[in-house]
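Structure, as structure tokens:
Any read-out appearing in this document is the output of simple, stated calculations on the displayed coordinates, not a laboratory observation. Not measured: the values here are computed from a predicted model. Note that each Cβ is placed from the backbone with ideal geometry, even for glycine, and that neighbours are counted across all protein chains shown.
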Amino acid sequence: MTFANILKNNVVLLSISILLIGACKEQRKESTKVSAQKIDYTKKVYPLLDSENSRWFYFSSASRPFGMVNLSPDTQIGGAWGSGYRYKTDTIKGFSHIHAWQMSGISVMPVTTNKDSKSAIFKNFYSKFNHDNEIVAPGYHQVRLDRYEIDAQLTSTTRVGLHHYKYPNNSEEKAILFNLNTLLGPSSNTDGVLEQNSENELSGSVIMAPTHRRPKPITVYFKVKLDTKISSLEKDDETGNFLIILDDKQKDVLMKVGISYTSVANAELNITKELPHWQFDNVKGEAKEQWNGLLGRIDVKGGSENDQRRFYTDLWHALQGRRIINDVNGAYPDNTGDSFRVGQLPLNTDGKPMFNHFNSDSFWGAQWTLNTLWGLVYPEIMHDFSNSLMQYYKDGGLIPRGPSGGNYTYVMTGASATPFLVTAIQKGVIVDELESIYQALKKNHLAGGIMEKAGYEHTTNFGGGFKYYMRQGYVPYPIPEGKFGGHQDGASLTMEYAYQDWTLAQLAKKIGHEDDYNYFLKRSANYKNVFDTEIGWMRPKNVDGVWKADYDPYHLEDGFIESNGAQSTWFVPHDLNGLAKLMGGKDIAVQKLNEQFKTAEDLGYTAGTSHALELHPEYSRIPINFGNQPSIQTAFVFHQLGRPDLTQYWSRKVVKKVFGGLSPSTGYNGDEDQGLMGSLAVLMKIGLFQMNGGTEANPEYQIGSPIFNEINIQLNPEYYPGGTFIIKADNNNDENVFVSKGEFNGNLLKGSSIKHDDVVKGGELVLKMTNKK
């Protein structure tokens, strides 16, 4: 063999070896990928967290992410607060399918009955239960109804609830009671109708009566399919309840309940498309798989088992509460106009909606929570919500804050959707129709827009004090015209408008509206008009410009929304250096806030353990409250004032005290508000934050103090090219809370922040942790 042939053969062998090595590497990658997929993140979720402090839309079990159906047992059914599933109440009053912002409906209860008890069962059908005979997991709920000895299992698709009832072996009739005309959570259900369509199918509808927050009624239509025959359908005229008696031959009964806000036909279509079969375990498994797909976007290593369980519970909360309202074919309820209509979402080439439409509490506080978490980890969710907000604008002329049932609810204050949409654009999640979005947002910031309206101010536009903000640069307290809605607290309104104006200015700058940029930037300095330099606090003033007399910055809701002046003084996320200058300099500002944290530490950094306790004298005077939105950013204020060490110190303490528990009696210690507090907890635990809501060009992430040794964030390749963004905290423990230095992809960080464009390209951020400042 010649040298040339030997060389040629060796080259071939080398090439084969390289290919084999490459294949092995790919196989290892694939193996790692499969291994990662096998992690069951749902097992780390604790759905019972804070369930003693329930709110109608708070608890979730047999539900998909943002599912139209949110099926779960109800132990309390009256009122928006203290209702739904409450852990300490031992009686189940039905399984209802809608637990949403200002919406409820379709409550059912499997029962057993006989000729003697049938008439009474319409009024008295509740059952005791025991937590020992209960399993609760993301997408699934199992419970035993002690009174009837029925084992009930619940799961769902996005728009269809699936029930499995195992009836006892006795001579009682097997039945299901439909409690359609009742009070459920925030709204009365009226005019309930149930009709039998065939031997195993029914259909019906219920009208959700208007509420103080949702001013128009909304109808929910439903279709019911059973895998057994219906012997009879009976109605009680006094209660309006319906009872279906089932074929006595079958002990195990499956029932599908598909819902729609547009028609019975679409409710049936939702069943046909999402649940054509009767395989309960398959649906339960698919629900788990879907939850794991989202929860697994962030994989954490290190920390205690409790730390990890609480983290995934927080992340789970960040992905629910706000509910889809469109059918599988894109039909949706539009209640923004003078009369109800059925709208139609745009469809893609496959005939599927290009985005989902949502029922949602407001984005008040989302600038420090959902903006960052969804914008980085779940951009597809941010994309859907952004398009949904714009659909409301196209239908009703305003981008909403907290739409319900296709209604504008005007929940809370200001134009809270502005930072959300601006950050979606700045992060490249939304790239089309930027001029249209800008003009829609601008409308909200001018006369006739949503800023003019106070909380739940449906028919007037005086409560927001907007004309004074425009004329005098601040909203007076009190509003001279009187009371028109909720939260007419002038100092807070002034600060909120100023921040939101700044975010709109950033978008104006991005798309080349220089005059608008300067105009809204100037308005963003209006917060200075409610800062009293003599006392060093934000302070309400009346329409004549006179400071409020006998002002106490620790007195709750005295010109400030769901907060006191001490908490809300720091609500200047767009110009903290300007705020510090008003206070006399950064050192003075840092010292002031540090003292507030020291005082708040004695009260656990929250105003009690629930939203209801915030008015209690013992808790209302707390200077920092991580149980409600107005001051949840304060730990990261230090970072912006040149003291990231204090951010790291206090954020670790807050995380451990406020977001470290794992029990039904505590969890968010205040107002969870559809994932806001879960998102906040996640961000603080991975050590990333965005003070201004990520609304500037190429948004900055401020680096905090992650509690885990390693955090792997899987980036959505449809939006971001980087694959994985990894945070490693070397030498991390409970004492080593400070970051001595950071490196990104081997390069030393010059400060304590990192840019969005760098993060989404992927790579490794290594933080060297120490116990010294």
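If you place +1 on the Cβ of every Lys and Arg and -1 on the Cβ of every Asp and Glu, how big does the dipole about the Cα centre of the stretch 595-667 come out, in debye to the nearest 20?
220 debye
Restricting things to Cα coordinates, could you compute the convex hull volume per residue of the stretch 374-460 in Å³?
In the stretch 374-460, the Cα hull volume divided by residue count equals 89 Å³.
Between exposed GluC sites (Glu not before Pro) in the chain, where DSSP calls loop and at most 14 other Cβ atoms lie within 10 Å, what's the longest gap?
Longest stretch, sites excluded: 1-198.
Please work out the FRET efficiency for the pair K88 and E234, using the Cβ-Cβ distance as r and a Förster radius of 35 Å; give the result to the nearest 0.05.
Efficiency at R0 = 35 Å is approximately 0.55.
Could you give the length gained by full extension between I588 and E435, i.e. 0.36 nm per residue of separation minus their alpha carbon distance, to one decimal place?
50.9 nm
Treat the count of other C-beta atoms within 10 Å as a stand-in for reagent exposure and order S188, S436 from fewest to most.
S436, S188
Along the positive direction of the dipole of the chain (beta-carbon charges: Lys, Arg +1; Asp, Glu -1; about the Cα centre), which of V766, F178, I561 reaches farthest?
Of the options given, the answer is V766.
Which value in nm describes the separation of the simple spin-label points at L662 and I135, placed 7 Å from the Cα toward the beta carbon?
Each label point is offset 7 Å from its Cα along the Cβ direction, giving 2.0 nm.
Using only Cα atoms, locate the centre of the stretch 253-275 and the centre of the stretch 57-72, then give the distance between them in Å, rounded to an integer.
16 Å
Which option, (i) 28; (ii) 57; (iii) 35, is the value of percent of Cα pairs over 44 Å apart that was calculated from these coordinates?
It is the value labelled (i).
Of all the Cα-Cα pairs you can form in the stretch 298-759, what percent are over 44 Å apart?
Summing the P(r) tail past 44 Å for the stretch 298-759 gives 8 percent.
How many angstrom lie between the C-alpha centres of the stretch 571-609 and the stretch 704-726?
Distance between centres, Cα-based: 30 Å.
Could you give the size of the charge dipole of the stretch 540-692 about its Cα centre, using +1 on the Cβ of each K and R and -1 on the Cβ of each D and E, expressed in debye and rounded to the nearest 20?
The calculation lands at about 660 debye.
Given the options Y438, Y165, S188, identify the residue whose Cα lies farthest towards the positive end of the charge dipole of the chain (+1 on Cβ of Lys, Arg; -1 on Cβ of Asp, Glu).
So the residue furthest toward the plus end is Y438.
Say a paramagnetic label sat at a point 7 Å from the Cα of K467, along Cα to Cβ; which residues of the stretch 477-519 have their backbone N under 17 Å from it?
477-485
If only Cα atoms are counted, what is the Rg of the stretch 74-183, and what is its Dmax, in Å?
13.8, 42
Evaluate the charge dipole of the chain about its Cα centre and quote only its size in Debye, nearest 20, assuming +1 on the Cβ of each Lys and Arg and -1 on the Cβ of each Asp and Glu.
The dipole of the chain has a size of about 1480 debye.
Lys and Arg at +1, Asp and Glu at -1: add these up for the other residues within a Cβ distance under 11 Å of E52 and post the number.
+1
Once the Cβ-Cβ distance between S171 and T272 is put in as r, and R0 is 25 Å, what FRET efficiency do you end up with, to the nearest 0.05?
Working from the Cβ atoms, E equals 0.10.
Computed FRET efficiency, Cβ-Cβ of T459 and E718, R0 45 Å: what is it to the nearest 0.05?
My answer for the efficiency is 0.60.
Only helical DSSP H runs with n ≥ 4 go in: add -39500 (n - 2.57) per run for the chain, normalise by residue count and round the 222 nm mean residue ellipticity to 500 deg cm²/dmol.
The helix contribution divided over the chain gives -9000 deg cm²/dmol.
Of Y312, Y497, how do they rank once you tally other Cβ atoms within 10 Å and put the fewest first?
Placing the least packed residue first, the sequence is Y312, Y497.
Could you tell me which of P721, Q391, L347 has its Cα farthest along the dipole of the chain towards the positive end, charges placed at Cβ (Lys, Arg +1; Asp, Glu -1), taken about the Cα centre?
P721
Could you please tell me the mean projected area of the C-alpha convex hull for the stretch 43-288, averaged over all directions and given in square nanometres to one decimal?
Averaged projected hull area, Cα only: 12.2 nm².
Return L398, L683 ranked ascending by Cβ neighbour count within 10 Å, so the fewest neighbours appear first.
L398, L683
Using Cα centres only, tell me the gap between the stretch 76-97 and the stretch 649-691 in whole Å.
Answer, in whole Å: 25.
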